[in-house]
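Reviewing the structure listed below.
The values are calculated or read from the model by the stated rules, or taken from the named source; none is laboratory data. Because the structure is predicted, anything quoted here is derived from the model rather than measured. Ideal geometry is used to build each Cβ from the backbone, glycine not excepted, and the neighbour counts take in all protein chains shown. Just so you know, the surface numbers come from the protein's heavy atoms only, side chains and all, with ligands and any DNA or RNA stripped out. Shrake-Rupley method; radii C 1.70, N 1.55, O 1.52, S 1.80 Å.
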Amino acid sequence: MNRLPFASDLSVVGCHTCGLVCEDLDAPGQTHQCPRCGSALHQRRPNGIARAWALLLAAVICYIPANVLPVMHTSLLGRGSSSTIMEGAVEFWTSGSYGIALVIFIASVAVPCAKFLILGLLLATSQRRSRWATRERAKLYRMVEFVGYWSMLDVLVVAVVAALVQFRGLTDISPRVGILFFGMVVIFTMLAAMSFDPRHIWDGEINGGDE
């Protein structure tokens with residue numbers, strides 16, 4: 001079965017900024033601009049895979065202190081204790097706040113680990129120009145983009161709980177350095193997903209890459 005034509009087959013290129021489809025006039029040593037927004041036109045984002053790998057590695061590195069270092073300090077009647085992300089989730093669970101505990105676990109453990117695995121899979125297969133499960137990989141990329149908007153849920157939960165507890169005046173809760181590292185994890189993974197050009201997923205079909 002014949003495949004549908006790609007942009008390179010039709011000598012057109014899409015603008016990364018506004019999405020306008022333009023005639024591909026790319027020539028060695030020359031950079032053409034989008035007639036609508038003025039952005040430089042490229043068939044693929046320059047160094048997109050290398051940049052995404054670097055950002056993903058930075059996110060994985062920051063994820064270690066984000067889970068090891070305390071994210072909040074709780075003080076009750078002069079007696080204080082610090083908690084990591086998992087310790088905080090366990091404390092909420094044992095105190096009966098199952099919803100908050102579940103949100104923290106999903107947003108701080110399940111979602112970041114899933115994003116690491118999915119982005120690593122997309123980058124590795126795209127770098128090899130693999131033709132394996134291209135449609136499924138494209139769906140995975142869209143899922144990562146969608147989930148990225150909700151990655152700060154556990155940080156928001158800690159902030160809301162701290163505000164509610166301090167409002168009651170019995171307990172004092174303050175953030176610790178671990179929450180900073182987790183925020184960096186979220187930012188790096190979002191930037192990695194933004195740096196990756198999903199059109200690399202289909203390059204294997206254009207150039208006859210590995211299965």
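Here segment 96-105 is the region considered, the condition is being among the hydrophobic types (A, V, I, L, M, F, W, C) and over 18 Å from residue 180 (Cα atoms), and the residue that is modelled with the highest pLDDT is 102.
Just to be sure, is residue 68 at pLDDT 85 or above, of a type in the set (Val, Ile, Thr) and open to solvent by 40 Å² or more (accessible area, probe 1.4 Å)?
yes
Taking each residue of segment 128-148 that is closer than 12 Å to residue 114 by Cα and looking for partners that are open to solvent by 50 Å² or more (accessible area, probe 1.4 Å) with beta-carbon atoms closer than 6 Å, six or more apart or interchain, yields 148/190.
All of (1) surrounded by 12 or more Cβ atoms within 10 Å (Cβ to Cβ); (2) among the basic types (Lys, Arg); (3) modelled with pLDDT under 75 hold for residue 79 with one exception: (1).
In segment 120-148, the residue that is least open to solvent (accessible area, probe 1.4 Å) out of those that are hydrophobic (A, V, I, L, M, F, W, C) and assigned to a loop (DSSP other than H, G, I, E, B) is 133. Under the condition of being small (Gly, Ala, Ser) and crowded, with 16+ Cβ neighbours inside 10 Å, which residue from segment 98-119 is farthest from residue 50 (Cα to Cα)? Checking each candidate, the answer is 101.
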